[in-house]
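Trainee: Structure in structure tokens, see below.
Any read-out appearing in this document is the output of simple, stated calculations on the displayed coordinates, not a laboratory observation. Since we're looking at a predicted model, the values are computed, not measured. Methodologically, a virtual Cβ is constructed for each residue, glycine included, from the backbone with ideal geometry; neighbour enumeration extends over all protein chains shown.
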């Protein structure tokens with residue numbers, strides 16, 4: 001049994017890294033090639049479909065190289081196919097050794113594309129109660145949607161494409177990636193003040209407008225209270241209309 005397990009481990013190592021790990025157990029290479037291509041192409045397909053923008057900015061051979069390095073060296077913790085994208089993001093951020101072919105925004109763009117996928121398949125235990133814009137009653141309490149994520153990047157990842165590839169980091173870019181009640185995944189570009197406001201709401205399970213205003217005034221004392229109150233009200237209304245924020249009714 002020990003020998004059989006050793007053969008299995010050698011077979012796995014060969015499939016993951018055939019250029020550096022041989023498999024000399026009497027199986028002709030033609031048959032081994034079928035398994036090598038089957039496993040690698042499966043992983044490659046998940047990466048190419050999960051990270052279409054990232055894949056598009058690489059030359060084909062360099063994208064294959066990156067996928068091969070991930071397949072050969074990363075030890076995945078999850079057995080689920082849907083987690084391959086997350087494993088790739090973690091590999092790029094903590095294990096991958098950058099080369100001249102890799103863009104400086106590699107890990108951030110990968111994280112952004114993974115986040116879009118993650119939000120699209122995320123399950124919600126209860127139906128979302130959204131704000132009806134025609135309703136004159138403003139919510140007593142508000143909350144951050146469980147189908148939304150607030151993130152910041154050094155690169156404008158939402159704009160990156162084959163034709164736009166920044167080389168230097170810029171001012172922090174704040175984004176909210178979210179899914180609405182129709183299951184449409186969108187993003188919203190926001191400023192630092194809006195990001196702080198959303199972070200405050202996110203840190204509180206349910207928060208009222210008076211408490212939210214008080215917290216915002218404490219960090220922005222230089223702004224006229226009346227002006228700040230109006231700005232906060234406008235931001236909250238915009239976020240409610242996009243379903244980034246959700247209403248919570250008192251019992």
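Trainee: Would you point out the residue of segment 114-138, among those that are in contact with a helix residue (DSSP H, G or I) (Cβ under 7 Å, 6 or more places away or on another chain) and in a loop (DSSP other than H, G, I, E, B), that is surrounded by the fewest Cβ atoms within 10 Å (Cβ to Cβ)?
Mentor: Only one residue fits best here, namely 133.
Trainee: For segment 160-172, how many residues are without any contact (Cβ under 8 Å) to a residue 60 or more places away in the chain and either surrounded by 13 or more Cβ atoms within 10 Å (Cβ to Cβ) or not in a loop (DSSP other than H, G, I, E, B) (or both)?
Mentor: Let us first name the residues in segment 160-172 that are without any contact (Cβ under 8 Å) to a residue 60 or more places away in the chain, namely 163-164, 170-172.
Subsequent filtering for residues that are either surrounded by 13 or more Cβ atoms within 10 Å (Cβ to Cβ) or not in a loop (DSSP other than H, G, I, E, B) (or both) retains 164.
Residues in segment 160-172 being without any contact (Cβ under 8 Å) to a residue 60 or more places away in the chain and either surrounded by 13 or more Cβ atoms within 10 Å (Cβ to Cβ) or not in a loop (DSSP other than H, G, I, E, B) (or both): 1 in total.
Trainee: I would also like to ask the following. So, restricting to helices (runs of 4 or more DSSP H) that lie completely within segment 1-110, which ones have at least 3 residues that are under 25 Å from the mean Cα position of the chain (by Cα)?
Mentor: On the way: elements: 2-16, 29-50, 52-56, 60-73, 84-94.
Hits in segment 1-110: 29-50, 52-56, 60-73, 84-94.
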